[in-house]
Amino acid sequence: MTVDASNALLRWYVVDKRPLPWRAQGEERPDPYRVWLSEIMLQQTTVAAVRPYFQKFTGRWPTVEALAAAEEAEVMSAWAGLGYYARARNLIACARTVAAAGGAFPDDEAELRKLPGIGRYTAAAISAIAFGRRAVVVDSNVERVVSRLFAVKRELPAAREEIYALAGSITPERQCGDFAQAMMDLGATVCTPRDPSCGICPLADSCAAREEGDPQLYPLKAARSRRPHKQGNAFWLQNDGHVLLVRRPAKGMLGGMLGLPTGEWGPDVAPRQGAPAAADWQEAGAVDHVFTHFALNMRLYCAEAQRREAEGSWWPVERLSEAGLPTLFVKLAERGAAWRSAA
Ligand code: ADE
């Protein structure tokens with residue numbers, strides 16, 4: 001890409017950038033805390049899903065010190081629904097590390113990468129966007145733009161390093177944060193996966209895939225192996241308008257989150273395996289939920305019991321929406337509540 005193309009992209013960004021709440025509003029550089037928070041939330045998650053969470057978090061915890069001082073359970077419950085819960089545990093750990101070191105995020109990529117939850121992409125994004133330092137910022141949107149710009153013939157994921165090097169070859173020395181975000185916005189709004197709008201693209205004249213005639217062919221991808229299937233049992237145990245919730249172990253799926261008790265998750269799990277108490281368990285259907293690496297079919301069993309018969313916290317059924325349950329358990333709890341009403 002020539003200097004002209006890079007300038008065309010930056011000019012496009014001035015006019016067409018998305019108004020996102022973590023971007024600079026008048027000031028020259030945005031607040032590093034808000035940049036970091038948004039980048040952690042945006043890992044694996046869309047801008048539309050992140051917006052309300054970002055507003056909630058910055059409203060409640062406007063600084064890294066405030067977040068560092070928050071109760072872990074409160075932060076986990078505020079995160080509920082965003083998914084990939086290891087991010088929330090790392091978020092707290094990172095906030096506490098930064099606050100303990102004086103409250104300033106480092107501006108250097110290598111230093112940023114030492115912090116919990118910050119990998120190559122996130123370190124580069126924070127360094128460029130919050131501090132204006134030169135860094136090569138490649139997320140999946142940028143990956144698509146670069147693979148088209150250069151018509152990269154190697155398939156993903158093997159092509160990742162080649163694409164990173166090509167992205168490095170076009171990253172300018174100045175206005176690095178704007179350049180990175182311009183590439184991301186271009187990928188999100190113009191150079192889209194299925195229907196790129198080449199007619200309005202500021203990079204159209206430099207684009208090899210466009211020249212070839214079929215830009216949506218890129219990025220080439222190796223055939224995906226099928227997601228494995230797992231089964232599991234979840235248990236709705238109720239007593240006098242309350243339901244039993246347990247906090248999941250810190251390590252593992254949905255770690256650190258509140259949920260209904262479950263047994264093991266595996267390829268072939270016996271009915272009622274993992275029940276939290278001896279009770280007259282009744283089947284109440286099943287819920288399907290897809291994680292990145294497997295699809296889960298969760299059967300639900302429901303029963304009544306005395307409180308002393310099970311360990312956990314008894315939560316008022318009418319106030320379950322305040323429990324901060326991950327989406328899998330929201331779906332299961334809806335079934336449990338329906339069973340309760342029908343009983
Ligand atoms: N995706 C992740 N970070 C982003 C940002 N700063 N701007 C646009 N899209 C993004």
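The values are calculated or read from the model by the stated rules, or taken from the named source; none is laboratory data. These figures come from a predicted structure and were not determined experimentally. Ideal geometry is used to build each Cβ from the backbone, glycine not excepted, and the neighbour counts take in all protein chains shown.
Restricting attention to segment 211-221, does a residue exist that is more than 24 Å from the chain's Cα centre (by Cα), part of a loop (DSSP other than H, G, I, E, B) and more than 30 Å from Ala8 (Cβ to Cβ)? The answer is no; no qualifying residue exists.
Any residue in segment 163-176 that is assigned by TED's automatic domain parsing to the domain that holds Arg11, away from the ligand (no atom under 16 Å from the Cβ), more than 17 Å from Ile129 (Cα to Cα) and touching a strand residue (DSSP E or B) at 6+ places or on another chain (Cβ under 9 Å)? Yes, because at least one residue in segment 163-176 is assigned by TED's automatic domain parsing to the domain that holds Arg11, away from the ligand (no atom under 16 Å from the Cβ), more than 17 Å from Ile129 (Cα to Cα) and touching a strand residue (DSSP E or B) at 6+ places or on another chain (Cβ under 9 Å).
Condition check ((1) more than 16 Å from the ligand (Cβ to nearest atom); (2) modelled with pLDDT of 95 or more; (3) touching a strand residue (DSSP E or B) at 6+ places or on another chain (Cβ under 6 Å); (4) not aromatic (Phe, Trp, Tyr)) across all residues:
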residue: Gln181; (1), (2), (3), (4): no, yes, no, yes
residue: Met184; (1), (2), (3), (4): no, yes, no, yes
residue: Thr192; (1), (2), (3), (4): no, yes, no, yes
residue: Leu203; (1), (2), (3), (4): yes, yes, no, yes
residue: Ala222; (1), (2), (3), (4): yes, no, no, yes
residue: His242; (1), (2), (3), (4): yes, yes, yes, yes
residue: Ala250; (1), (2), (3), (4): yes, no, no, yes
residue: Met253; (1), (2), (3), (4): yes, no, no, yes
residue: Thr262; (1), (2), (3), (4): yes, yes, yes, yes
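Screening Ile163, Ile126 for residues that are over 15 Å from the mean Cα position of the chain (by Cα), within 17 Å of Ile40 (Cα to Cα) and at pLDDT 95 or above leaves exactly one candidate, Ile126.
So for segment 16-39 (the condition being of a type in the set (Phe, Trp, Tyr), more than 11 Å from the ligand (Cβ to nearest atom) and without any contact (Cβ under 8 Å) to a residue 24 or more places away in the chain), does at least one residue qualify? No: zero hits.
Residue-level check: of (1) more than 16 Å from the chain's Cα centre (by Cα); (2) modelled with pLDDT of 95 or more; (3) over 29 Å from Leu220 (Cβ atoms), Glu143 misses just (3).
Filtering segment 107-135 to residues that are out of contact with any Cys (no Cβ under 9 Å at 6 or more places or on another chain) and farther than 16 Å from Pro30 by Cβ leaves Asp108, Glu109, Ala110, Glu111, Arg113, Lys114, Gly119, Arg120, Tyr121, Ala123.
Within segment 41-56, the set of residues being more than 10 Å from the ligand (Cβ to nearest atom) and buried (at least 21 other Cβ atoms within 10 Å of the Cβ) is empty.
Against the numbered list (1) within 16 Å of the ligand (Cβ to nearest atom); (2) crowded, with 16+ Cβ neighbours inside 10 Å, Ala8 comes up short only at (1).
Only one of the numbered conditions (1) over 26 Å from Arg89 (Cβ atoms); (2) of a type in the set (Val, Ile, Thr); (3) not in a helix (DSSP H, G or I) is not met by Val145, and that is (3).
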